[in-house]
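The structure appears right after this line, and notes come after that.
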Amino acid sequence: MSAPRRIKIPACALVGVIASIDELRLATRMRPRPDLFELRLDHLPNLRESQLLKLRRPFIITARHPLEGGKKVRSGRRDLLLRFLPWAKFVDVELRSLDELGAVWDEAHRLRVGRICSFHDFKGTPEPAVLRKKLLDARKAGADMLKVVTRAEDLRDLLTLFEFLWSELASMRLCVMATGKFGPISRMFFRDAGSSLIYAPLRHPLHRGQLTFQELRRQHDF
């Protein structure tokens, strides 16, 4: 497996999540814009390539697995991701989906699209050994970045995520956030701790503990 390439993005970049036509329209006219957008293709089944030109920012594409918070895609996630892959800066594929979406993963490498491996647990925060195993699996797959999002309902969960981020930053580029009670503080604090990306829905939170783009900007100096 070849070593992952260094994909240039701003340090601690802010990602605006687009998961509705309403948010897509907002993204084309908002000022200021985030550093990147994320297109949740599982929420945008009728998206057209021509609409991408109006975003005027690089973007991440993903079609999230239903077990990790996604909506079922009638046409199949593979074809949807391959369709928009040539325009993307990054593609996000869950660790659980690397076999199912292997064609997408390989085509992204061929097109020099950055590859994010992700892991989402909306029930809790796993033990450090589990998170470490996710990191090793992402490195083995040749990912440019590992994204970890877990539910943090107590301080111990938050500290587990912080320790993972702080101790593993030298291993690979990481994006770490929480949902739940400690979701908001993670999205402010982890930016300064070294998380490469911080995500914010443009208008409609998809999970408890998410801050919208405007809320994050009001509460922190993005």
*Options ARG191, ARG203, ARG139; residue that is assigned to a loop (DSSP other than H, G, I, E, B), charged (D, E, K, R) and surrounded by 15 or more Cβ atoms within 10 Å (Cβ to Cβ)*: ARG203
*Which one is surrounded by the fewest Cβ atoms within 10 Å (Cβ to Cβ) among residues in the range 206-222 that are among the hydrophobic types (A, V, I, L, M, F, W, C) and not in a loop (DSSP other than H, G, I, E, B)?*
LEU216
*Among (1) part of a loop (DSSP other than H, G, I, E, B); (2) of a type in the set (A, V, I, L, M); (3) at pLDDT 95 or above, which single condition is ILE9 missing?*
(3)
*Is it the case that the range 105-125 has a residue that's open to solvent by 10 Å² or more (accessible area, probe 1.4 Å), closer than 19 Å to PRO58 by Cα and of a type in the set (Phe, Trp, Tyr)?*
yes
*Tell me, yes or no, whether the range 36-53 has at least one residue that is of a type outside the set (Ser, Thr, Tyr), within 22 Å of ILE198 (Cβ to Cβ), open to solvent by 20 Å² or more (accessible area, probe 1.4 Å) and part of a loop (DSSP other than H, G, I, E, B).*
no
*Taking interchain pairs and intrachain pairs at least six residues apart, which have beta carbon atoms under 8 angstrom, with the first residue in the range 1-22 and within 15 Å of LYS89 (Cβ to Cβ) and the second surrounded by 17 or more Cβ atoms within 10 Å (Cβ to Cβ) and at pLDDT below 80?*
LEU14/PHE222
*Would you confirm whether any residue within the range 63-70 is under 25 Å from PHE119 (Cβ atoms), touching a Pro at 6+ places or on another chain (Cβ under 8 Å) and open to solvent by less than 30 Å² (accessible area, probe 1.4 Å)?*
no
_When you check THR160 against the structure, is it free of Cβ contacts under 8 Å to residues at least 40 places away in the same chain and of a type in the set (Ser, Thr, Tyr), yes or no?_
yes
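The values are calculated or read from the model by the stated rules, or taken from the named source; none is laboratory data. Only a predicted model underlies this, so the values are computations on that prediction, with no experimental measurement involved. Neighbour counts are summed over all protein chains in view; Cβ atoms, including those assigned to glycine, are modelled from backbone coordinates with ideal geometry. For accessibility, only protein heavy atoms count, side chains too; no ligands or nucleic acids. Shrake-Rupley method; radii C 1.70, N 1.55, O 1.52, S 1.80 Å.
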